[in-house]
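Throughout, read-outs are computed from the coordinates displayed, never taken from laboratory work. Keep in mind that what you see is a predicted model, and the values were worked out from it rather than measured. Note that each Cβ is placed from the backbone with ideal geometry, even for glycine, and that neighbours are counted across all protein chains shown.
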Amino acid sequence: MLPTRSLGRQGLVVSAIGLGCMGMSQSYGSADAAESAATIDRALELGCTFFDTAEVYGPFHNEELLGRCLAERRDRVTIATKFGFAIDNGRRVGVDSRPAHIRTVVEASLRRLRTDRIDLLYQHRVDPAVPIEDVAGTVRDLIDEGKVLHFGLSEADAQTIRRAHAVQPVSALQSEYSVWERGLEDEVLPVLRELGIGLVPFSPLGRGFLTGAAKRAEDYPADDYRSWGDPRLQGEHFDINLRLAVRVRELGAARGVSAAQMALAWLLQRDPYLVPIPGTKRRTNLEDNLAAATLVLDAGEIAELDAIGASGASGARYVPADLALVRR
């Protein structure tokens, strides 16, 4: 069974590795409802009890999936979901964190998740039109009402985190962080440690790139986000980044473990308040990922991985429209 971790100092305790569920709703190719449900079941069998979703995944499909799979086992799991995007006719059309909209989203998420409370509610992206104090105040009211237990932010900068935390303590920040993505280290991580806020790295395996199964953008099917949405997989960026992924795989082979396990173990040893959420829709990948929870890297291996990704990946994290929504 997986060990547990405190996600920050606000009393939120979760499994040491969580499960990112976005890929179960067609972001990374066609969905398979039966295998997704089996993967969720297997996660619970192995002690993974921290499940990450959002209204925009699908949209709505992902929360409905978790609601169906977890309703009878609700007290065994921690569910994180997110608000903050405007959705029209099944498409994301901007950001919206107006207080009334937050309340509407939360009520809808509760229905889809078949639950009476959301364990961890994130603002998915910072809305420049709404003061973060208003957002934090609305979530504080939802916590007072028992509909939400903990407040989180996603892809927020240090100043935004401080302002939000002053109104309603932030339990966790979710942002991309991995061997090849170190953008949090200079400004954001010190603030998280100062304030006792947990870190939930998404895409801790570089959207699969660091597992050793890297493919060029054009080799993914058209319905896979990676075919168009990640410049790091395109052109010369792919060639440069492949050398990084190969080195991670070589280090894993020397240790007798997978590249994914090396990358996740490196993260777990960065900070005791850190809980990665590698995403998968397949049991085999889940089992491999969760094995990292008990893998302890030695100082030499950590130094090697530090050096491999010190300069970061080549290429932007997102296409320009999505990159504009990231506050770093």
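Taking K and R as +1 and D and E as -1, what net charge do the other residues with C-beta under 15 Å from the C-beta of residue 286 add up to? Don't skip to the answer; put the middle values down first.
On the way: positive: 42, 281, 282, 283; negative: 32, 35, 41, 45, 52, 287, 288.
So the environment of residue 286 carries a net charge of -3.
Exposure proxy check: 21, 69 ranked by fewest other beta carbons within 10 Å? Intermediate values should be presented prior to the final figure.
Numbers: 21 28, 69 23.
Ranking 21, 69 by Cβ neighbours within 10 Å, fewest first, gives 69, 21.
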Open item on the list: Using a 10 Å cut-off around each Cβ, can you sort 50, 85 from fewest to most neighbouring Cβ atoms?
Closed with: 85, 50
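Can you give the Kirkwood hydrodynamic radius of the range 1-104 from its Cα pairs, in Å with one decimal?
Details: mean 1/r = 0.0675 Å⁻¹.
It works out to 14.8 Å.
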Task: Centroid-to-centroid separation of the range 54-81 and the range 264-292 [C-alpha atoms, Å] - done: 20
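Over the range 1-133, what is the percentage of antiparallel beta bridges among all DSSP beta bridges, to the nearest 5? List each step's numbers first, then the result.
Numbers: 7 of 16 bridges.
Antiparallel: roughly 45 percent of the beta bridges in the range 1-133.
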TODO: Output the DSSP H helices from the chain with an along-axis C-alpha extent of no less than 20 Å and a mean Kyte-Doolittle hydropathy no less than 0.0.
DONE: 99-113
- [ ] Give, as a single signed number, the net charge of other residues whose beta carbon lies under 10 Å from the beta carbon of residue 212, with Lys and Arg counted +1 and Asp and Glu -1.
- [x] 0
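Only counting other Cβ atoms within 10 Å, I'd like 200, 188 sorted with the fewest neighbours first.
Fewest-to-most ranking of 200, 188: 188, 200.
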TODO: Return the single residue from 233, 295, 173 with maximal mean-square fluctuation; model: Gaussian network over the chain, springs between Cα atoms under 10 Å.
DONE: 295
Task: Amide H contacts of residue 118 (H built 1.01 Å from N, under 5 Å, at least 5 apart or other chain) - done: 148, 149
Task: Candidates per trypsin sites (Lys or Arg not before Pro) in the range 1-69, loop by DSSP, up to 13 other Cβ within 10 Å - done: 9
Open item on the list: Net charge around residue 271, counting only other residues with Cβ within less than 12 Å of its Cβ (Lys, Arg = +1; Asp, Glu = -1)?
Closed with: +2
Task: For residue 2, distant residues with modelled amide H under 5 Å away - done: 47, 48
Open item on the list: Using a Cα-Cα cut-off of under 29 Å, which lysines could be cross-linked to residue 82, ignoring same-chain neighbours fewer than 8 residues away?
Closed with: 147, 281
Open item on the list: Per DSSP helix of 4 or more residues, -39500 (n - 2.57); summed, then divided by the residues of the chain. What does that give at 222 nm, rounded to the nearest 500?
Closed with: -11500 deg cm²/dmol
Open item on the list: Suppose the Debye formula is applied to equal point scatterers at every Cα of the range 211-328; what is log10 I(q)/I(0) at q = 0.10, 0.20, 0.23 Å⁻¹?
Closed with: -0.34, -1.30, -1.42
TODO: Let me have the relative contact order for the chain, percent, based on Cα pairs under 8 Å that are six or more residues apart.
DONE: 21
Open item on the list: Of all beta bridges DSSP finds with both residues in the chain, what is the antiparallel percent, to the nearest 5?
Closed with: 30
